[in-house]
Amino acid sequence: MTTMYTPQDPIKQYPNPPFPPQQQDAPGDVHKMDPAPDHGEESYIGFGRLAGRKAIVTGADSGIGRAVAIAYAREGADVALSYLPEEQEQAEEVAALVEKAGRKALLYPGDLQDEATNTALVEKTVEEFGGVDILAIIAGVMPTVDSIDDFETATLDHVLKTNIYPLFWLTKAASPHFEPGASIITCSSIQGYVPSPSLAEYAVSKAGIANWTRAMAQQLAERGIRVNGVAPGPVWTPLQPSSVPNEKIEQFGSEAAYGRAGQPAELAPPFVLLASQEASYISGETIAVTGGTPTH
Ligand code: NAD
Ligand code: MG
């Protein structure tokens with residue numbers, strides 16, 4: 001049987017564009033995507049890399065966060081799932097998979113643009129799991145704005161409040177609970193390095209995430225806490241059909257060196273590595289996962 005662990009041609013491993021035209025309203029639903037994304041539900045095995053760990057994953061209902069939550073549980077971690085209230089059903093599916101892996105799941109709906117939600121998420125996790133030692137901050141929004149003439153302050157506020165502020169809020173709340181060996185993993189983007197013209201607000205936030213990762217890694221080094229990030233290229237998640245127009249969806253991923261989009265399941269392994277003690281000498285780094293496209 002061929003699995004995600006069998007050596008094979010990565011270019012042919014998953015669907016290539018063209019994809020059927022499809023649009024969704026944000027925050028989107030994994031079950032409305034055609035073809036169905038792979039979050040590792042059937043494929044991710046796990047080898048005990050995170051045995052006994054206690055993780056918070058934001059954006060955990062869908063896309064990359066869903067794949068990371070499944071992988072963390074199968075690697076042995078209890079997982080607190082953060083998501084928006086309208087994503088409850090998808091989050092419950094992830095919680096069921098976490099529990100099927102023999103781990104605890106905490107469902108925590110809420111808007112992370114609000115500082116109190118971030119603090120309460122950490123406090124509730126500590127209460128339920130007896131601590132927290134992995135923070136995977138993956139939630140994000142990606143509005144497209146084609147022209148500076150259409151710039152709106154409210155859009156930039158929304159992007160920064162969602163993509164940047166929770167880095168500070170969650171880390172501050174978790175900091176008193178962290179012991180040496182704890183790990184923070186952020187989610188930047190290839191857009192943080194080589195931005196598209198219509199993603200200026202988003203690209204600024206994603207470059208900011210990579211730079212926050214470098215700064216916070218140095219701040220927390222003396223406490224034995226590592227801070228790293230992952231910078232995905234195009235990945236087949238609801239963020240895309242709920243943010244970009246159909247002509248881009250139909251060709252989604254064609255610009256990558258592989259000529260195809262990544263699947264959420266292909267993003268989980270670097271999030272696992274960076275969370276685990278195997279990455280003991282890695283901190284301040286953001287790993288690009290872009291299907292061969294250079295980020296510099
Ligand atoms: P996704 O839509 O599945 O996940 C994004 C999640 O963010 C949503 O599920 C939602 O739960 C959460 N979210 C959004 N606003 C929120 C808010 N105000 N409060 C709480 N949660 C909120 O899409 P995804 O592509 O898996 O996105 C995950 C991360 O990956 C994002 O940071 C995104 O920028 C990044 N990323 C995605 C791609 C891609 O091509 N899909 C590429 C590079 C980076
Ligand atoms: Mg979602």
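The values are calculated or read from the model by the stated rules, or taken from the named source; none is laboratory data. Because the structure is a prediction, the values reported are computed rather than measured. Using ideal geometry, Cβ is built from the backbone for each residue, glycine included, and neighbour counts are taken over all protein chains shown. For the accessible areas, the whole protein counts, side chains as well, though only heavy atoms, and no ligand, DNA or RNA atoms are used. Shrake-Rupley method; radii C 1.70, N 1.55, O 1.52, S 1.80 Å.
Some points to look at:
- Distant-in-sequence amide H partners of residue 38 (H built 1.01 Å from N, under 5 Å): 265
- Rounded accessible area per residue of segment 47-288, 1.4 Å, Å²: 39
- Taking only alpha carbon atoms, segment 47-288 gives an Rg to Rh ratio of 0.95, where Rh is the Kirkwood radius.
- For residue 9 and residue 147, the FRET efficiency from 1/(1 + (r/R0)^6), where r spans their Cβ atoms and R0 equals 41 Å, is about 0.50.
- Expressed in Å, the radius of gyration and Dmax of the Cα atoms of segment 181-221 are 11.8, 39.
- Counting protein heavy atoms only, the chain has 53 percent of its accessible area on carbon and sulfur, 1.4 angstrom probe.
- Coupling constants for segment 151-162 follow from the phi torsions by the Karplus curve (6.51 cos²θ - 1.76 cosθ + 1.60, θ = phi - 60°), and in residue order they are 4, 10, 4, 4, 5, 5, 4, 4, 5, 6, 5, 8 Hz; glycine and proline get x.
- Full-extension gain in nm, residue 155 to residue 280, via 0.36 nm per residue minus C-alpha separation: 41.2 nm
- Long-range amide H partners of residue 230 with built H, under 5 Å: 186, 187, 188, 287
- For a straight C-alpha distance cut-off of 15 angstrom, the aspartates and glutamates reachable from residue 248 (same-chain residues fewer than eight places away being disregarded) are 34, 146.
- Residue 254/residue 119 FRET efficiency (R0 45 Å; Cβ-Cβ; nearest 0.05): 0.60
- Net lengthening on full extension, residue 179/residue 296 (0.36 nm per residue, minus Cα-Cα): 38.7 nm
- The chain: calculated mean residue ellipticity at 222 nm from DSSP helix runs of at least 4, using -39500 (n - 2.57): -10000 deg cm²/dmol
- Karplus-derived HN-Hα couplings along segment 257-267 (A = 6.51, B = -1.76, C = 1.60, θ = phi - 60°), whole Hz, x at Gly and Pro: 4, 6, x, 9, 6, x, 9, x, 4, 7, 8
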